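Engineer: I'd like to ask some things about the structure below.
The values are calculated or read from the model by the stated rules, or taken from the named source; none is laboratory data. None of these values were measured; they are calculated from a predicted model. Positions of Cβ are generated from backbone atoms using ideal geometry, with glycine treated the same way; all protein chains shown enter the neighbour counts.
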Amino acid sequence: MMKKINLNVNDKHYAIEVDIKESLLDVLRDRLHLTGVKQGCSVGECGACTVLIDGTPYNSCIYLAMWADGKKITTIEGIEKDGQLSKVQQAFVDEGAIQCGYCTPGLVMTTTALVESGKKYSDEEIKREISGHFCRCTGYQKIFNAVKKSLDE
Ligand code: FES
Ligand code: FES
């Protein structure tokens, strides 16, 4: 069964028809060609597909596209401004927190939400907040440093 939905993705409006079983991840990657959103496990375990929905991080692989009707979606493509990396993106570069890069967009989006919350996070809270993201390359210390740097600036 198909359903018409309206999405605001990275400040662009889309009126599209989706299958009611279609994930937001598939719509973003396959229909809107926002391939910065990565597909890993497809079952809500790895965090690679994380996007912001009305400012809150969600695993888009287990979020139905029809649930996003009328909502504001932000992907990694939507956070640089005038060709400049966001401060979170820059912190990941500066701290060497990127190797293959597959986990990076999801981690950057979660970190962006932490920064935008305006709250202070202890080291333990930071670890808990990013614990839903798997990285097979970095050993996590550099990622932790990048998140901390993003929050400290
Ligand atoms: S691809 Fe969505 S959590 Fe792994
Ligand atoms: S940098 Fe390769 S999975 Fe994280």
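Engineer: Just to be sure before I move on: is Val51 under 25 Å from Val147 (Cα atoms), of a type in the set (A, V, I, L, M, F, W, C) and free of Cβ contacts under 8 Å to residues at least 12 places away in the same chain in the structure I sent? Working first, answer last.
Structural biologist: Values: under 25 Å from Val147 (Cα atoms): yes; of a type in the set (A, V, I, L, M, F, W, C): yes; free of Cβ contacts under 8 Å to residues at least 12 places away in the same chain: no.
It is false that Val51 is under 25 Å from Val147 (Cα atoms), of a type in the set (A, V, I, L, M, F, W, C) and free of Cβ contacts under 8 Å to residues at least 12 places away in the same chain.
Engineer: Within the stretch 39-88, how many residues are charged (D, E, K, R), at positive phi and at pLDDT 95 or above?
Structural biologist: Residues of the stretch 39-88 charged (D, E, K, R): 45, 54, 69, 71-72, 77, 80-82, 87.
Imposing the further condition that a residue be at positive phi reduces the set to 54, 82.
This time we only want the ones that are at pLDDT 95 or above, so: 54.
The qualifying residues number 1.
Engineer: Which residue, of Leu107, Leu64, Leu114, Leu52, is surrounded by 16 or more Cβ atoms within 10 Å (Cβ to Cβ), over 21 Å from His13 (Cα atoms) and touching a strand residue (DSSP E or B) at 6+ places or on another chain (Cβ under 8 Å)? Lay out the reasoning, then the answer.
Structural biologist: Details: Leu64 fails: over 21 Å from His13 (Cα atoms); Leu114 fails: touching a strand residue (DSSP E or B) at 6+ places or on another chain (Cβ under 8 Å); Leu52 fails: over 21 Å from His13 (Cα atoms).
Going through Leu107, Leu64, Leu114, Leu52 in turn, just one is surrounded by 16 or more Cβ atoms within 10 Å (Cβ to Cβ), over 21 Å from His13 (Cα atoms) and touching a strand residue (DSSP E or B) at 6+ places or on another chain (Cβ under 8 Å): Leu107.
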